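Everything on this sheet refers to the single structure shown next.
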Amino acid sequence: GRRTWDLSFNYLQDSDIFPDLSSVGWEGTYEDYNDSIGNTLLDDDTFFSQVLHKTNGGQLPFIFQPDKDNNNIDGFAICKFDMDTFVFDQVANGIYNIKLKIREVW
């Protein structure tokens, strides 16, 4: 059968979820350039940039490794998000919770 995973992440900083700039390219003044380089939708190291954007909002399959220490063939799965929308629950100023459901596909 197909494997499924229910993941929950609590108390995530907004800087870990959302990029500084919500554009694919950098725009602004020269003084802001050094502070903003690498923080665009394509380059930032955030959940939105590295996961949601690269899977087209969860529509494209991705390789999922639930245990980073298991490098055996059964430790990987081709998966998609099994949810209609992504909901980020704000629990404090700049702090969010998210629940994800991942389903194996083939």
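When only residues in the range 5-37 that are at pLDDT 75 or above and among the polar types (S, T, N, Q) count, which is surrounded by the fewest Cβ atoms within 10 Å (Cβ to Cβ)?
Step by step, filter the range 5-37, then rank; the result is S8.
For the range 38-78, name all the residues that are open to solvent by less than 40 Å² (accessible area, probe 1.4 Å) and in contact (Cβ under 8 Å) with a residue 40 or more places away in the chain.
Result: F64, A77.
Given (1) out of contact with any Cys (no Cβ under 9 Å at 6 or more places or on another chain); (2) touching a residue at least 60 places away in the same chain (Cβ under 8 Å), identify the lone condition not met by I102.
Unmet for I102, out of (1) out of contact with any Cys (no Cβ under 9 Å at 6 or more places or on another chain); (2) touching a residue at least 60 places away in the same chain (Cβ under 8 Å): (1).
Just give me the residues in the range 79-106 being surrounded by 15 or more Cβ atoms within 10 Å (Cβ to Cβ) and in a loop (DSSP other than H, G, I, E, B), in sequence order.
D82, F86
Return only the number of the condition from (1) modelled with pLDDT under 90; (2) in a helix (DSSP H, G or I) that D74 does not satisfy.
Failed condition: (1).
Considering only residues that are farther than 19 Å from S15 by Cβ and in contact (Cβ under 8 Å) with a residue 60 or more places away in the chain, look in the range 80-99 and name the one that is farthest from the chain's Cα centre (by Cα).
D82
The values are calculated or read from the model by the stated rules, or taken from the named source; none is laboratory data. What you see is a predicted model; the values in this text were computed from it and never measured. Using ideal geometry, Cβ is built from the backbone for each residue, glycine included, and neighbour counts are taken over all protein chains shown. The protein model used for the area step is the full one, side chains on, heavy atoms only, and it has no ligands, DNA or RNA in it. Shrake-Rupley method; radii C 1.70, N 1.55, O 1.52, S 1.80 Å.
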